[in-house]
Amino acid sequence: MKDIESLRHSIDEIDKQLTELFERRMNIAAEVADYKEKNKLPILVKEREKEVIAKNLSRLKNKDIEKETEEFFQCLMDISRKYQASRMSCISDAPESSDVKLYGLIGEKLGHSFSPAIHSIIMQKLGIKGCYHLFEVERDSLSRALDGLKHLNIKGVNVTIPYKVEVMEYLDEVSREAKGIGAVNTICFREKKAYGFNTDYYGFGMMLDKMNVDLHHKKAVILGAGGAANSVVRYLKDNGIKEIALVSRNKDSAKCRFKDLGIYGYEEAGLLRSFDMIINCTPCGMHPDIDVCPVPPDIIGNFSYAIDLIYNPSETLFLKYAREKGLTAANGLYMLAGQAVKSQELWNDIDIPGSTADEIYAQSVELRVKNSRF
Ligand code: NAP
């Protein structure tokens, strides 16, 4: 009979091989996760799991350990599924289950979106079983798309470029705040009705807090007169900004929407020299058109703070110029995390502690570093 030390030694040897094999298996599971995500396939495929167990039981020489072998493979596949779910934007590991909540994002082009990843992090953190889908909607289909979403069992969606303003006319109700801001970025569906809210406002505020910016006595220049500019203007006004100037390609239309602001064309932007901060609320520089900047570097040099609402890429040309010129600069990732947290609060009728946005932001930055896709 072998002594215990030599038995332990044999087990250590086998464990070493098992670890190497486990690592190889998990690496392949990661590739499978990427494939499933790309092809919108569910994580759990029960038939495939049954097949794997049956195949391996048939290979077993010692039939006395059939039950244990089955348990071993089931456990292995559970771990693999959890690992796949953590890599994918959809955290559900049980797509057939009815308690999985559906959420999503509507916009025109969504290839750049980091929202599925952010919501996946939030849901994992809060233990919400859910899936966050991207719904690309063509410009003339917005009303039909909303009608379709109302009739699906979906809890809520975020709204992004270019629909934050237009979407308001198709909603059953819009919150007082969102009406005041003039843009909706979050919709809750309840009993086949659509309710609009604005959480960009909060996300922007959280980002300024993070940057330690005190708005009192400050003057801001905003680039672009779209839906996001509405939230930014409202937040700045509500929090003591001294003056706002807005730069637009279309001064007449901007004047109609932002009646009490100074409106300038891009050719006049160089005249705005006594302002503290410049905030890019245009999509200029956003993935995939990353080689453009809304204003030239010498204009950016006239300010102390530069904020770009864009978060992909993490450093736009606008922010690169700003940093080179010594400005305090921030991208839109913290705002994205903040607005996403607020959206989850609305969809699930819960309060999420303020510190959660910090944790989600930190995890998002980590995820971006790991995953060059964002
Ligand atoms: P939007 O409603 O389409 O408005 C963007 C505005 O930018 C347009 O109204 C236009 O204003 C200007 N613009 C558009 N294309 C331009 C171009 N090629 N050159 C110069 N100006 C241009 O979009 P949005 O919803 O406001 O979003 C704007 C940006 O903010 C997007 O990149 C979006 O991803 C980002 N965003 C980020 C967050 C976040 O959480 N980080 C939240 C909201 C938005 P004028 O016609 O007045 O020039």
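Go through K251, K36, K193 and list them by solvent-accessible area, largest first, probe radius 1.4 Å. Walk me through the intermediate numbers first.
Numbers: K251 60, K36 25, K193 95 Å².
Sorted by accessible area, descending: K193, K251, K36.
The calculated Kirkwood hydrodynamic radius for the chain is 23.2 Å, given to one decimal from all distinct C-alpha pairs. Close amide H partners of V292, meaning residues 5 or more places away or on another chain with modelled amide H under 5 Å apart, are G285.
Annotation for the range 127-177 versus the range 310-329: alpha-carbon center distance of 31 Å.
The length gained by stretching the chain between K192 and E324 to full extension, at 0.36 nm per residue less their Cα-Cα distance, is 42.4 nm. Rolling a 1.4 Å probe over the protein heavy atoms gives the chain an accessible area of 54 Å² per residue. Entry note, the chain: relative contact order of 12 percent, from Cα contacts under 8 Å with a spacing of 6+ residues.
Computed from label points 7 Å out along Cα-Cβ, the spacing between E268 and R176 is 3.5 nm.
Stretching V292 away from K210 to a fully extended chain increases their span by 26.8 nm, per 0.36 nm per residue minus the current alpha-carbon distance.
Mean-square fluctuations from a GNM of the chain, with a 10 angstrom spring cutoff on Cα atoms, peak among D349, D78, D358 at D349. Among V295, V157, V32, the largest mean-square fluctuation in a Gaussian network model of the chain, built with springs joining Cα atoms closer than 10 Å, belongs to V32. Rounded to two decimals, the Cα-based Rg/Rh of the range 202-331, with Kirkwood Rh, is 0.92. Rounded to the nearest 0.05, what FRET efficiency do E49 and E136 have when you use their Cβ-Cβ distance and R0 = 35 Å? The formula returns an efficiency of 0.60 here. Among E169, E71, E20, the residue with the largest mean-square fluctuation in a Gaussian network model of the chain, with springs joining Cα atoms closer than 10 Å, is E20.
In the chain, what percent of the accessible surface is made up of carbon and sulfur (1.4 Å probe, ligands and nucleic acids excluded)?
Values: 10090 of 20030 Å².
C and S fraction of accessible area: 50 percent.
Per residue, the average separation of C-alpha pairs within less than 8 Å and at least 6 apart gives the range 202-331 a relative contact order of 21 percent. Only protein heavy atoms count here; on that basis, with a 1.4 Å probe, K16 has an accessible area of about 120 Å².
Taking 0.36 nm per residue of sequence separation and subtracting the Cα-Cα distance, how much length would be gained by fully extending the chain between E71 and C256, in nm to one decimal?
Values: separation 185, 0.36 × 185 = 66.60 nm, distance 6.72 nm.
Full extension from E71 to C256 adds 59.9 nm.
Helical content of the chain, expressed as a calculated mean residue ellipticity at 222 nm, amounts to -15000 deg cm²/dmol (DSSP H runs of 4 or more residues, -39,500 (n - 2.57) each, divided by residue number, nearest 500). Of all lysines in the structure, those lying under 18 Å Cα to Cα from K67, and not within fewer than 8 positions of it along the same chain, are K50, K55.
The values are calculated or read from the model by the stated rules, or taken from the named source; none is laboratory data. No experiment lies behind these values; they were computed from the predicted model shown. No Cβ is skipped: glycine too gets one built from the backbone with ideal geometry, and neighbour counts run over all protein chains shown. These accessible areas exclude ligands, DNA and RNA; they are computed on the full protein's heavy atoms, side chains included. Shrake-Rupley method; radii C 1.70, N 1.55, O 1.52, S 1.80 Å.
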